[in-house]
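The values are calculated or read from the model by the stated rules, or taken from the named source; none is laboratory data. Remember, predicted model here, so these are calculated numbers, not experimental data. When we count neighbours, we look across all protein chains shown, and the Cβ atoms used for this are built from the backbone with ideal geometry, even at glycine. We work out accessible area using only protein heavy atoms, side chains counted, and drop any ligands, DNA or RNA first. Shrake-Rupley method; radii C 1.70, N 1.55, O 1.52, S 1.80 Å.
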Amino acid sequence: HAFDLYAGSLDSDAELSLVEHITVPVERQWAFRASFDRKGEQLAYSSVKAPGEPESVRVVSTATLGSEPPVTVLNDASQWILSHDGAAVYALQGFARPSYEGKLVVADFPSGENLRTIASAVSHIDPAGEDDDPASDEDRGVGYDVSTDAGYAFEFLSDRSNASVPQRIADAVSGPRVAATGSHTLLFQETADGWPVARVFDNATGKGCTLNREGSDETYNGRFTHDGKRAVWVEYGSG
């Protein structure tokens, strides 16, 4: 559970630079991830520096790889993801067994300043537009799963500068997918029949509708097209 992390530019013939020798504790196998910002100017990664310490996010400029040491952005930060505009980092603090949940926080990137709490008992983070439109500098919001007595609920925060007012989208959900535009969420919601039905919600108002052609059919594997104007899902029923 140890390896060397190297990074560098593909536009250069120079060898990659050693960033850090990474050790991943056996009991915390999730305690590493790495990501360039969308412009490729910063390399962010997380690791556990010493036994007993929390996982922390560090950053190093791609222009100074090998000559400047990485600096810590955020302590006690797991399951972190950079915002779509590359100007913030979302992370879970206190993330550990057995619940695999933590407090969702957001901080400015790469400075780590302006740390705010968004929600507690969060298990998963889903920034809108994460994998789409790499040239865009627009932050389109973030969705996340919250543990409740009735299972997982899904909430969406459209404006990270106002972290205290997320929109509760739905309760007892699974498989949420946020459109790249940040406008809607497609998810599956449990019903009295025992099968989850496909539903789509407006992230601004929380209003939604059911997509199933047959209400008793089992549905799963939903997603949006890249422009966020169409939704697809699998619907399985007799015949």
For the range 111-123, 3J(HN,Hα) per residue [Karplus equation, 6.51 cos²θ - 1.76 cosθ + 1.60, θ = phi - 60°, Hz, x = Gly/Pro] = 6, x, 7, 6, 6, 10, 8, 9, 7, 10, 6, 9, 10
Could I have the simple spin-label model distance between Arg213 and Val24, label points 7 Å from Cα toward Cβ, reported in nm to one decimal?
-> 4.2 nm
Which of the lysines could a cross-linker span from Lys49 if the Cα-Cα distance has to be under 23 Å and same-chain partners fewer than 8 positions apart are dropped?
-> Lys103
Gain in span if fully extended, Ala96 to Asp227, counting 0.36 nm per residue against the direct Cα distance = 43.6 nm
Based on the mean of other Cβ atoms within 10 Å per residue, sort peptides 21-30, 156-165, 137-146 so the most packed one is first.
-> 137-146, 156-165, 21-30
How much of the accessible area of the range 1-86, in percent, comes from carbon and sulfur atoms when a 1.4 Å probe is used?
-> 50 percent
Averaging sequence separations of C-alpha pairs under 8 Å and six or more residues apart, then dividing by the length of the chain, give the relative contact order as a whole percent.
-> 9 percent
In what sequence, highest mean first, do 11-19, 111-119, 78-86 appear when ranked by Cβ atoms within 10 angstrom?
-> 78-86, 111-119, 11-19
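Taking a ≥ b ≥ c as the square roots of the eigenvalues of the Cα gyration tensor of the range 48-93, is the shape rounded (a/c under 1.5), prolate (a/b larger than b/c) or oblate?
Oblate.
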Grab the Cα-Cα distance for Tyr6 and Ser61, subtract it from 0.36 nm times how many residues apart they are, and report the gain in nm with one decimal.
-> 18.5 nm
Plugging the Cβ-Cβ distance of Val165 and Asp137 into 1/(1 + (r/R0)^6) at R0 = 25 Å yields, to the nearest 0.05, a FRET efficiency of 0.60
To the nearest Å², the heavy-atom accessible area per residue of the range 37-174 with 1.4 Å probe amounts to 43 Å²
